[in-house]
Amino acid sequence: MNFVQIVEGTTQFLIPWQDDATQFPPGSAPVFFNRRMELNRDATILLLKELRPDHYLDLMAATGVRALRVANECGIPVVANDRDFDSILLLRTNAHRLGLPVRVVNRDANALLSTERFETVDLDPFGSPAPFLDSAIRSARKYLFVTATDTAPLCGAHLKAGMRRYGAVPMNTDYHPEVGLRMLIGHVARETMKYDRGIEPLLSFSFEHFHRTHLRMVPGVRAADRTLASLGFIHQCPECSFRSVEAGLLPSGRTCRECSVALLPIGPLWIGDIADRALALRLLERMDGMVFGSKARLSRLLRILAGELPNLPHYDYHKEAKRLGVSPPAMDILLERLLQKGYGASRAHYSGTAVLTDAPLEVLEEVLSQ
Ligand SMILES: C[S@@+](CC[C@H](N)C(=O)[O-])C[C@H]1O[C@@H](n2cnc3c(N)ncnc32)[C@H](O)[C@@H]1O
Ligand SMILES: [Zn+2]
C-alpha cells in the first residue's frame, strides 16, 4: 500500500493513496477514507467535547480517523474496531505515530456489540446502518451516533429497499432529505423502544450524500412512551403541495382539502425534534478557537439547526413558486412576510430554499404571489 499523510482537525494520520481519476476515489483504496465526510466527523468531535463521555467506540474505524481524532482532540478514551485486517494494521500504525493509547479490536461489528457495552457507540457503515442497529442499540449505554449513506432507499427513490431496511414507507417528495432523516431516526426509535428505552435527538442533519444522527439513549418505560409519541406520518397529496402530520403508528385515511383526492401516508417517521436547539447554540459558541476544515459550513449548519421551527415537513419555496408561476422572492423577504402575518417561519438546513412554517399552504401561496 502507498500512503499519504494528511491532517484533519488537529490530527495527523496516514491514508492509503487514492486514485482521484476514478468516479469514487475512496473506493479505489484498500482501506476506506472519504474526505467529503470531514464535516460529519467535525460535528461529532465538537459534540463530544460538550458531552464528555467516559469512552467512545468507533465501531467501523477503517483508517481510524474518527477514533484518533476523538482521542487526540477530545481526550476521551477510545476503542477502534474494524473487521478488515488491512484497516487494523493501518489503524495501529496511525495510533502509534500519534502516541495515543487506543484499544484496537478486529471483530465483526454485531459480534462485538453483542458481547460488550459501550457508553458511546458510533456506527459509520458503508451504506445502510440497518443490519447493525439492533445490536448497536443494545450495546450503547448513553449515546448512539449513526451515519446512513443509502439516501436513495431512505428518501423513496428506491422504494422497496427503503421499506425492507427501515420498516416504513418513504416517498420521493420535494422534501426528500427530510423524509430520509426522519425515516432513519424513526427506525432507530422503534428498535429502541422495544427494550423499554427511549431516544432524544441531540444533533441530526442531512448533508450532501448522507444523514447523520446523534442520539441520547434514555432508560425506562416513560422515555420509551415519549419516543412512541414522537412517531407518526406525513400525509402528502399526490396532486398538490398540501400535506398534514399525524402522530401514531396507524395512519388514518385523509383527503386533500384542495383536490379532494386521498392523501398518501409516508412513515412511520420520527415527527419530533431532530436536534436540541439550545445545544446547537452552545456548540456554535464552542467552535470559536477550534480548528475544523469544515468550520464555515458547520457553523452555518448549526446556526440554521438552532433556529429551525419544529413544524414539518419543510417546503422548497422555489418549487412552490414555480408551481404558482411566480418568481420567488429572496428567502429573507419570504420569511419576513410570513412573520408579519403572525406565523412562525424559519430556514431549514435541508437546502438553501427550504422553509419551515406553521402557516397553512394557502398563506404560503399568498405571500409567494405578493
Ligand atoms: C464507511 S467505512 C468507515 C469510515 C470511517 N468511520 C471514517 O470516518 O473514515 C466502513 C468500515 O466498516 C468496515 N466494516 C464493514 N462491515 C463490517 C462489519 N460487519 N464489522 C466490522 N467492520 C465492518 C469496513 O471494513 C470499513 O472499514
Ligand atoms: Zn391536493
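The values are calculated or read from the model by the stated rules, or taken from the named source; none is laboratory data. Because the structure is predicted, anything quoted here is derived from the model rather than measured. Please note: Cβ atoms are built from the backbone with ideal geometry, for glycine as well, and neighbour counts cover all protein chains shown.
Listed here are the residues, each with its yes/no results for (1) within 16 Å of ligand 2 (Cβ to nearest atom); (2) not assigned by TED's automatic domain parsing to the domain that holds residue 143.
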site	(1), (2)
214	no, no
235	yes, yes
238	yes, yes
248	no, yes
280	no, no
Restricting to region 321-345, name every residue that is touching a strand residue (DSSP E or B) at 6+ places or on another chain (Cβ under 6 Å) and either part of a helix (DSSP H, G or I) or of a type in the set (Asp, Glu) (or both).
335, 338, 339
Of the residues that sit in region 140-171 and are in a helix (DSSP H, G or I) and in contact (Cβ under 8 Å) with a residue 40 or more places away in the chain, which one is farthest from residue 185 (Cα to Cα)?
151
Is one or more of the residues making up region 334-346 surrounded by fewer than 17 Cβ atoms within 10 Å (Cβ to Cβ), under 27 Å from the mean Cα position of the chain (by Cα) and in contact (Cβ under 8 Å) with a residue 40 or more places away in the chain?
no
Residue 143 fails exactly one of (1) among the hydroxyl-bearing types (Ser, Thr, Tyr); (2) out of contact with any Leu (no Cβ under 7 Å at 6 or more places or on another chain); (3) within 18 Å of residue 214 (Cβ to Cβ), namely (2)
From the residues in region 73-118 that are in a strand (DSSP E or B) and not hydrophobic (A, V, I, L, M, F, W, C), which one is nearest to the chain's Cα centre (by Cα)?
81
Listed by first then second residue, the pairs whose first member lies in region 104-131 and is closer than 18 Å to residue 69 by Cα, whose partner is away from ligand 2 (no atom under 16 Å from the Cβ) and of a type in the set (Asp, Glu), with beta carbons under 6 Å and at least 6 positions apart or on separate chains, are 119/54; 122/58
Please verify whether residue 284 is in the same structural domain as residue 12 (by TED's automatic domain parsing), within 16 Å of ligand 1 (Cβ to nearest atom) and under 20 Å from residue 347 (Cα atoms), treating the condition exactly as stated.
no
Scanning region 282-320 for residues that are in contact (Cβ under 8 Å) with a residue 24 or more places away in the chain, assigned to a helix (DSSP H, G or I), aliphatic (A, V, I, L, M) and more than 11 Å from residue 42 (Cβ to Cβ) gives 304, 305, 306
Considering only residues that are under 16 Å from residue 167 (Cα atoms) and touching a residue at least 60 places away in the same chain (Cβ under 8 Å), look in region 239-270 and name the one that is surrounded by the most Cβ atoms within 10 Å (Cβ to Cβ).
269
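Out of region 140-177, which residues are small (Gly, Ala, Ser) and either closer than 13 Å to residue 267 by Cβ or surrounded by fewer than 22 Cβ atoms within 10 Å (Cβ to Cβ) (or both)?
152, 156, 157, 161, 162, 167, 168
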The residue from 117, 103 that alone is among the charged types (D, E, K, R), under 20 Å from residue 12 (Cα atoms) and surrounded by fewer than 16 Cβ atoms within 10 Å (Cβ to Cβ) is 103
